[in-house]
Amino acid sequence: NSLKSGETQSFNVEYVLDIPFAFSRGGYDDPLYKFTQWYPKPAVFDNEGWHPMPYLAYGEYFAEFGNYEVEITVPIAFSLAHTGVLDGDKTVLNLEDRKRTAFITATKVHDFAWFADKRYHVLKGEIELPHSKRKVTTWAMFTPKNAYLWDEIALESLKDGTYWYSKWNGDYPYNNVTAVDGTISAGGGMEYPTITVIGNTSSKIQLETVIVHEVGHNWFYGILGSNERVHPWLDEGLNTANEIRYMETKYPNNGFFSDNFGGIDKALHISGISHHHGSDLMYNLMAGEGKDQPIETHSNDLTPTNYGAIAYAKTG
């Protein structure tokens, strides 16, 4: 039935997701479960009409905001990380079956992701937002293999990233912000509302950079809800601009950009390049070859190299 302005329609959808599955940033890496792109999502309807587009590894998504009430049942031995807030008073323990059921709510978000792993170490912290002075809980969950990095910098990165993005772009509107350690097949990290999954990193500064960048996506595009498929720079570019500003603010005269190249920076003669100049270098390498593209280019039309050099670096 067609809907008139102000009218509503309710409907139920039943579906089955086979486990294990493996797609982009979601799937199963024993014993880590990554539930991303795991349920049917409604298409966005706006002044241009419907946008019935699937999620892609590049260009990612354009999604509608919603309110979520989610129940998740997992073995007691597994740590659970998720979008939204846990209602601890409703948690149900079934000691006979060795399972627990978590009740989670998330308000005004465009997606819902969750992760479960029985190896996770868990750290908890808190941040006071710069404008409202509201308190936000920070969570870092990581495997023993990567504890030598996460123990030192993860909570600090979550706190500082959320603080400075809030100071520059408006206070973070949610009650918690989480980073989880996990393997992903596309990019260094991936954002979901209030939670991000971080791939393998080789240094503290690289881990901090990725955590701050992915947390920043709560603003771009998480709060703004822009169409990343059509305008990727509104997502990755504005976020990169804030990421560069963060590095220049916290680490003046930094030479960290080359650290993200995993030790080959000397061979490329890019040792000691700052975060800002690193992005400038990426863009100019493409422009010098005459292979750069305009910033306002549809994500489908950007070459793989320009997706990073233009949508991220030049815009930033």
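The values are calculated or read from the model by the stated rules, or taken from the named source; none is laboratory data. Predicted, not measured: the structure shown is a model, and the values here were computed from it. Ideal geometry is used to build each Cβ from the backbone, glycine not excepted, and the neighbour counts take in all protein chains shown. Surface accessibility is based on the protein's heavy atoms, side chains included, excluding ligands, DNA and RNA. Shrake-Rupley method; radii C 1.70, N 1.55, O 1.52, S 1.80 Å.
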Review point. Out of curiosity, is Thr137 open to solvent by less than 70 Å² (accessible area, probe 1.4 Å) and either aromatic (Phe, Trp, Tyr) or not in a helix (DSSP H, G or I) (or both)?
Key: yes
Note on segment 4-49: residues within 27 Å of the chain's Cα centre (by Cα) and aromatic (Phe, Trp, Tyr) are Tyr15, Phe21, Phe23, Tyr28, Tyr33, Phe35, Trp38, Tyr39, Phe45
If we ask which residues in segment 259-316 are modelled with pLDDT of 85 or more and on the phi > 0 side of the Ramachandran plot, their number turns out to be 1
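I need a count of the residues in segment 23-37 that are surrounded by 16 or more Cβ atoms within 10 Å (Cβ to Cβ) and either assigned to a strand (DSSP E or B) or without any contact (Cβ under 8 Å) to a residue 40 or more places away in the chain (or both). Let's see the steps before the verdict.
First pass over segment 23-37, keeping only residues surrounded by 16 or more Cβ atoms within 10 Å (Cβ to Cβ): 24-27, 32-37.
From what is left, the residues that are either assigned to a strand (DSSP E or B) or without any contact (Cβ under 8 Å) to a residue 40 or more places away in the chain (or both) are 26-27, 32-35, 37.
Looking only at that region, the number is 7.
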Apart from one, (1) in contact with a strand residue (DSSP E or B) (Cβ under 9 Å, 6 or more places away or on another chain); (2) open to solvent by 20 Å² or more (accessible area, probe 1.4 Å) all hold for Lys204; the odd one out is (1)
Margin query: Suppose the filter is of a type in the set (Phe, Trp, Tyr) and not in a helix (DSSP H, G or I); does Tyr172 pass it?
Written below: yes
Residue hits (segment 83-127; part of a strand (DSSP E or B), open to solvent by 90 Å² or more (accessible area, probe 1.4 Å) and farther than 30 Å from Tyr55 by Cα) are Leu93, Lys99, Lys124, Glu126
Residues of segment 189-199 being touching a residue at least 60 places away in the same chain (Cβ under 8 Å) and either closer than 18 Å to Phe65 by Cβ or surrounded by fewer than 17 Cβ atoms within 10 Å (Cβ to Cβ) (or both), in sequence order, are Tyr192, Pro193, Thr194, Ile195
Only one of (1) at pLDDT below 95; (2) outside any loop (DSSP other than H, G, I, E, B) does not apply to Ile211, and that is (1)
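Restricting attention to segment 145-153, does a residue exist that is in a loop (DSSP other than H, G, I, E, B) and either open to solvent by 40 Å² or more (accessible area, probe 1.4 Å) or modelled with pLDDT of 95 or more (or both)? First the steps, then the outcome.
Within segment 145-153, the first condition is being in a loop (DSSP other than H, G, I, E, B), and the residues that meet it are none.
There is no residue in segment 145-153 that is in a loop (DSSP other than H, G, I, E, B) and either open to solvent by 40 Å² or more (accessible area, probe 1.4 Å) or modelled with pLDDT of 95 or more (or both).
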Exception for Gly49 within (1) of a type in the set (Gly, Ala, Ser); (2) out of contact with any strand residue (DSSP E or B) (no Cβ under 9 Å at 6 or more places or on another chain); (3) open to solvent by less than 50 Å² (accessible area, probe 1.4 Å); (4) in contact (Cβ under 8 Å) with a residue 40 or more places away in the chain falls at (4)
Scanning segment 217-259 residue by residue, those buried (at least 22 other Cβ atoms within 10 Å of the Cβ), without any contact (Cβ under 8 Å) to a residue 60 or more places away in the chain and among the hydrophobic types (A, V, I, L, M, F, W, C) turn out to be Phe220, Phe257
When Pro54 is run through (1) in a loop (DSSP other than H, G, I, E, B); (2) within 23 Å of the chain's Cα centre (by Cα); (3) at pLDDT 90 or above, the failure sits at (3)
Original post:
Right, Gly255: of a type in the set (Gly, Ala, Ser) and within 22 Å of Leu149 (Cβ to Cβ) or not?
Top reply: yes
